1. Is it the case that some residue within region 3-19 is of a type in the set (D, E, K, R), within 16 Å of ligand 1 (Cβ to nearest atom), assigned by TED's automatic domain parsing to the domain that holds Leu229 and touching a strand residue (DSSP E or B) at 6+ places or on another chain (Cβ under 8 Å)?
2. Tell me the residue from Arg217, Arg231, Arg191 that is at pLDDT 95 or above and outside any strand (DSSP E or B), please.
3. State whether the residues of region 138-150 include one that is assigned to a loop (DSSP other than H, G, I, E, B) and either assigned by TED's automatic domain parsing to the domain that holds Thr71 or of a type in the set (Lys, Arg) (or both).
4. Of all residues in region 176-234, which are among the small types (Gly, Ala, Ser) and out of contact with any helix residue (DSSP H, G or I) (no Cβ under 8 Å at 6 or more places or on another chain)?
5. Residue by residue through region 58-90, note down the ones that are within 16 Å of ligand 1 (Cβ to nearest atom), among the charged types (D, E, K, R) and surrounded by 15 or more Cβ atoms within 10 Å (Cβ to Cβ).
6. Does region 225-249 hold any residues that are among the aliphatic types (A, V, I, L, M) and either more than 23 Å from Pro47 (Cβ to Cβ) or buried (at least 16 other Cβ atoms within 10 Å of the Cβ) (or both), and which are they?
Amino acid sequence: MTVATEAPRILLDNVSVSYETPRGRLPVVDRVSLAVDKAEFVVLVGPSGSGKSTILRAIAGLNAVESGSITVDGKTVDGPPEHIGFMFQKDTLLPWQTVRENIEVGLALAGVSPSQWKQRIADLLALLRLSEFRDAYPAQLSGGMRHRVSLGRMLAYQPAVMLMDEPFGALDFQTKAVMGRELLRIWEAERRSILFVTHDIEEAVALADRVLVFSPRPARIVAEHQIDLPRPRNLRALRGSPDFSAYTRAIWEALGDTD
Ligand SMILES: Nc1ncnc2c1ncn2[C@@H]1O[C@H](COP(=O)(O)OP(=O)(O)O)[C@@H](O)[C@H]1O
Ligand SMILES: [Mg+2]
């Protein structure tokens, strides 16, 4: 069990969000309260269109809340806060820049002094196993490699909070497994708060400290599962274990109950 010993990094208190549409107001998030600790990995699952991306966007200050409040490190979010990294399903690399230059964007945003860039880039490329591709352009890379570059850019930025919205959703099974393993390796070495959205229940259980199950729109939290699997996690061994299956089954059932 993770026990909250410090103030949470992210705190949502009774947050509701709705969109103005030509047909009127569309309620999308319904009084969601949640707290994420400083080193916690929380995964959100729920039917598509339920409002998960909207919640992440609200935390990133990209959507206004209708009622309730969001704080990051005790500060109310009223625009994009500093030290938040965002990673989407589609990579947002700059096609005319090389792998190295794309990662430098993260260093520049973080205000890292250019004298340190060379070393930081070398370290990140080694971590992501991309050293040989430092001068390649995104179009010359596989989808999995482009995702590693996106991850590298986010890590270069060194955010205290990582918001990851189906970041590996478009990847094939094997690449997704590799990315999950890399992310865990990095996160286990250097704990950050992560909020991660996925449709993949096995991915959710493999990665998370805690899985939150959302209802169809407007999003409410309908179940919460603490994943007490030991870390560091060996994903291959884990996937065959009875505990792993019990967690995935429980989450499937919670999702089924949202119909
Ligand atoms: N900018 C917007 N304006 C109007 N409706 C939106 C907007 N963004 C999302 N929606 C609607 O809000 C609902 C939730 O969207 P989203 O948060 O993207 O869900 P999820 O990420 O869970 O799939 C959907 O019905 C979607 O069509
Ligand atoms: Mg979404």
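The values are calculated or read from the model by the stated rules, or taken from the named source; none is laboratory data. Small disclaimer: the values here were computed from a predicted structure and weren't measured. With ideal geometry, Cβ positions are generated from the backbone for all residues, glycine too; neighbour counts draw on all protein chains shown.
1. Within region 3-19, the first condition is being of a type in the set (D, E, K, R), and the residues that meet it are 6, 9, 13.
Subsequent filtering for residues that are within 16 Å of ligand 1 (Cβ to nearest atom) retains none.
No, region 3-19 contains no residue that is of a type in the set (D, E, K, R), within 16 Å of ligand 1 (Cβ to nearest atom), assigned by TED's automatic domain parsing to the domain that holds Leu229 and touching a strand residue (DSSP E or B) at 6+ places or on another chain (Cβ under 8 Å).
2. Details: Arg231 fails: at pLDDT 95 or above; Arg191 fails: at pLDDT 95 or above.
Going through Arg217, Arg231, Arg191 in turn, just one is at pLDDT 95 or above and outside any strand (DSSP E or B): Arg217.
3. Going through region 138-150, the residues assigned to a loop (DSSP other than H, G, I, E, B) turn out to be 141-142.
Now restrict to residues that are either assigned by TED's automatic domain parsing to the domain that holds Thr71 or of a type in the set (Lys, Arg) (or both): none.
Scanning region 138-150 turns up no residue that is assigned to a loop (DSSP other than H, G, I, E, B) and either assigned by TED's automatic domain parsing to the domain that holds Thr71 or of a type in the set (Lys, Arg) (or both).
4. Here is the first cut: in region 176-234, the residues among the small types (Gly, Ala, Ser) are 177, 180, 189, 193, 204, 206, 208, 215, 219, 223.
Those that are among the small types (Gly, Ala, Ser) and out of contact with any helix residue (DSSP H, G or I) (no Cβ under 8 Å at 6 or more places or on another chain): Ala189, Ser193, Ala208, Ser215.
5. Answer for region 58-90, where residues must be within 16 Å of ligand 1 (Cβ to nearest atom), among the charged types (D, E, K, R) and surrounded by 15 or more Cβ atoms within 10 Å (Cβ to Cβ): just Glu66.
6. So the first thing to find is which residues in region 225-249 are among the aliphatic types (A, V, I, L, M), and the list is 227, 229, 235, 237-238, 246.
Residues satisfying the conditions are Ile227, Leu229, Leu235, Ala237, Leu238.
A quick yes/no check of all residues on (1) touching a residue at least 12 places away in the same chain (Cβ under 8 Å); (2) out of contact with any strand residue (DSSP E or B) (no Cβ under 8 Å at 6 or more places or on another chain):
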site: Pro138; (1), (2): yes, yes
site: Gly144; (1), (2): yes, yes
site: His147; (1), (2): yes, yes
site: Gly169; (1), (2): yes, yes
site: Lys176; (1), (2): yes, yes
site: Glu190; (1), (2): no, yes
site: Ala219; (1), (2): yes, no
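Results for (1) modelled with pLDDT of 95 or more; (2) surrounded by 17 or more Cβ atoms within 10 Å (Cβ to Cβ); (3) of a type in the set (Phe, Trp, Tyr); (4) over 25 Å from Asp257 (Cα atoms), shown as yes or no for each residue.
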{"position": "Val3", "(1), (2), (3), (4)": "no, no, no, yes"}
{"position": "Pro8", "(1), (2), (3), (4)": "no, yes, no, yes"}
{"position": "Leu26", "(1), (2), (3), (4)": "yes, no, no, no"}
{"position": "Val29", "(1), (2), (3), (4)": "yes, yes, no, no"}
{"position": "Ser33", "(1), (2), (3), (4)": "yes, no, no, no"}
{"position": "Val43", "(1), (2), (3), (4)": "yes, yes, no, no"}
{"position": "Gly51", "(1), (2), (3), (4)": "yes, yes, no, no"}
{"position": "Leu56", "(1), (2), (3), (4)": "yes, yes, no, no"}
